[in-house]
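Since the structure comes first, as C-alpha cells, the remarks are kept for the end.
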Amino acid sequence: MRKGELSEAFDLDYKGLEIASGGQREHRYEELVRNIKEKGLNPEDFEFYLNAFKYGMPPHGGFGLGLERLLTKMLNFSNIREVVIFPRDIQRLVP
C-alpha cells in the first residue's frame, strides 16, 4: 500500500472497546519485494516466505478477536483481569 491509498482493514468496537480487528493482507509478490527493499532489508533473507507469493498466493485476510475484551463488556466487569484466567501484571508474568 502506498501513501494516500486506502487499506482494507477494520476494527470492531463494542460499547466503546475494540474487540476485534482485521483486514486483507498484501499478496502481490512485486509489492512485497518493493516494501522489503524500502525498509532497507534484503529480499533474499525472506526467500522462503516470498516463494509462496511468487507462485500465485490468492488474496487473503483474517481477523483477531479479543474474547476476554468481549466478555469484560458483556459481563459488565470493570477490569479485564476479572475475566482472564491467568492475568499478567508486574507481579506475575507467567501462569
Working out 0.36 nm times the residue gap between Leu75 and Glu26, then minus their Cα-Cα distance, what length gain in nm do you get to one decimal?
-> 14.0 nm
With each pseudo-label sitting 7 Å past Cα toward Cβ, what's the Asn51-Glu8 distance in nm, one decimal?
-> 2.7 nm
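Only helices at least 18 Å long along their own axis, judged from Cα atoms, and with Kyte-Doolittle mean hydropathy of -0.5 or greater: name those in the chain from DSSP H.
none
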Log10 I(q)/I(0) at q = 0.13, 0.20, 0.25 Å⁻¹ for segment 9-66, from Debye over equal alpha-carbon scatterers, is -0.48, -0.78, -0.94
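For the chain, what relative contact order do you get, as a whole percent, if you take Cα pairs closer than 8 Å and at least 6 residues apart?
The value is 26 percent.
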Sorted on mean Cβ neighbours within 10 Å (highest first), peptides 15-24, 41-50 come out as 15-24, 41-50
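Every number in this text was worked out from the coordinates using simple rules, so none of it is lab data. This one's a predicted model, so the numbers in the text were calculated from it and none came from an experiment. Cβ: placed from backbone, ideal geometry, glycine included. Neighbour counts: every protein chain shown.
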